[in-house]
Every structure is written in structure tokens, then in C-alpha cells.
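Have a look at the structure below before the remarks.
The values are calculated or read from the model by the stated rules, or taken from the named source; none is laboratory data. What you are looking at is a predicted structure, and each value in this text was computed from that prediction instead of being measured. Virtual Cβ from ideal backbone geometry, glycine too; neighbours counted across all protein chains shown. Accessible surface areas use protein heavy atoms only, side chains included; no ligands, DNA or RNA. Shrake-Rupley method; radii C 1.70, N 1.55, O 1.52, S 1.80 Å.
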Amino acid sequence: MPNYKVTYFTLTALGEPIRFLLSYMGEEFEDFRFNEEDWPAIKPTMPFGKVPVLEIDGKKVHQSTAICRYLGKQAKLAGKNDWEALQIDVAVDTLHDMRLAIINYWYDENEESRAKKQGPLMNEILPFYLSKFDELVKENNGYLANGQLSWGDLYFVAASEYSIKMIEFDFYEQYENLKRLRDNVLSIPQIQEWMNKRPKTDIPVRFPGCWCNLKKN
């Protein structure tokens, strides 16, 4: 059995999809979380100076999407063929497009500039993406792709949790098919078990270390 260690800030954000996948797989893992003040010492020890990082038997890998795609294959949640795998990738990459719009607003250090971004984000950008995602989930029987559970569903639900806290808008309550997606994921016993025992550290913060890693990874 491999030994796993997840290294990330004291956040859910992009560390949480990895934790979801490992939990789904029934794997024990070390959940190493650190604060802003610890980052300068930790950063040089991380590949490309980025987190989240997953260590597998002491070997460090970064890039949350690549890690989750790998774990999804291990968990047999990556589609039955290349076409199905592509549909999952498309959904996750589109989530990143939406997520970037949110973090470009949230982490803008110029208050005036950030205020100008709020209206377009909430009234145009998010409704566009969320309505498209809602349609996609409706077409796929409560999932993002291929009409069945995939690693992309776990990624979407886990990563969106922190974004919802940043914009203070629980879009699951407005989009019924996305709510169905969330409920499908959170009803998985292994995910329920993880949610019940994980640390409660979901307070959105604006600090440079977090910004660079959320944006780039």
C-alpha cells in the first residue's frame, strides 16, 4: 500500500479535491497543513515552489488537476475510454476558468479595482458558467460527464466549496442540477466520513502565498 501525504495551506481550496479522492479510495494519508507564516520555509522544499503537493512513498508531485486525474484512474473514476476521459477533463478545465474569474476578483489588492469586478462577476460571468454547468449536469444524470460519477465530480464539489465562501453565494441553492451533483458526491459514505472528521479551516483569506498557488495550480 502506498504512503500518501498531502501538503497544503490551512484551507480546503485546491487541496480538498486530493483529500476527497484519497478518502473515496479508502486510503489513509497524512494531511499536513500550514499557515502563511510557515510558507517561506516550506516553499523551497516543494516542486516548483507550489502547493498542493502529494507525496507518494516520499516522491513529491504537484498540480492538483494532474494529481486528481492520476488518483481518478487509480479509483476507476476516469472514464472507460479516451473520449470519456476527455469529457471529464473539459469539465474540470472549465471549472478552472470560472475559478480564475473568482480569484482575480477576490485577491485583487486594489480595493477600487476589485469593487469594479464584483458586478460583472456576480451578474454576468458566474451566471454564464453556472447555467452551462447546470445544463451539463442535467444532461448527464446528476454528474458532469458520461452520465456517471467521475473524479471530475469530486473535484468540482471539493474545489467549489472555498470559492462559494469567497463570493458569499451558495450557487448550489440556486441551480437545482448542481445541487443534485453536490448531493450525489456528499452522499458517498467515504466522503461523508471525511467531511465529519476533517479540520474546520475554511475562512477565506487574502495573503500572497495563497494567491500565487490558487492562481497557478
| Portion, in percent, of the accessible area of the stretch 1-147 that falls on carbon or sulfur, probe 1.4 Å | 50 percent
| message | Which of rounded, prolate or oblate describes the stretch 131-174 when judged by the alpha-carbon gyration tensor and an a/c cut-off of 1.5? | response | oblate
| Can you list the HN-Hα couplings for the stretch 115-122, worked out from phi with the Karplus curve (6.51, -1.76, 1.60; θ = phi - 60°), rounded to whole Hz and with x for Gly and Pro? | 4, 5, 7, 5, x, x, 4, 6
| query | Rounded, prolate or oblate: which fits the stretch 1-92, taking a ≥ b ≥ c as square roots of the Cα gyration tensor eigenvalues, rounded meaning a/c under 1.5, else prolate when a/b beats b/c? | reply | prolate
| Rounded if a/c is under 1.5, else prolate if a/b is larger than b/c, else oblate: which is the stretch 130-206, with a ≥ b ≥ c the root eigenvalues of its Cα gyration tensor? | oblate
| task | With a Förster radius of 25 Å, plug the Cβ-Cβ distance of F34 and S187 into 1/(1 + (r/R0)^6) and report the FRET value to the nearest 0.05. | result | 0.20
| said: Need one number: nm distance between label points at E109 and T201, each 7 Å from Cα along Cα→Cβ, rounded to one decimal. | reply: 2.4 nm
| said: For the chain, what does the accessible surface come to per residue with a 1.4 Å probe? Please give it in Å². | reply: 49 Å²
| request: Output the relative contact order of the stretch 1-159, whole-number percent, from Cα pairs under 8 angstrom with separation of 6+ residues. | output: 27 percent
| query | Which label belongs to the value computed from this structure, given these candidates for volume of the Cα convex hull per residue in Å³: (i) 118; (ii) 171; (iii) 156? | reply | (i)
| query | Tell me, how many Å apart are the Cα centres for the stretch 41-61 and for the stretch 150-193? | reply | 27 Å
| DSSP-defined antiparallel bridges as percent of all bridges, the chain, nearest 5 | 55 percent
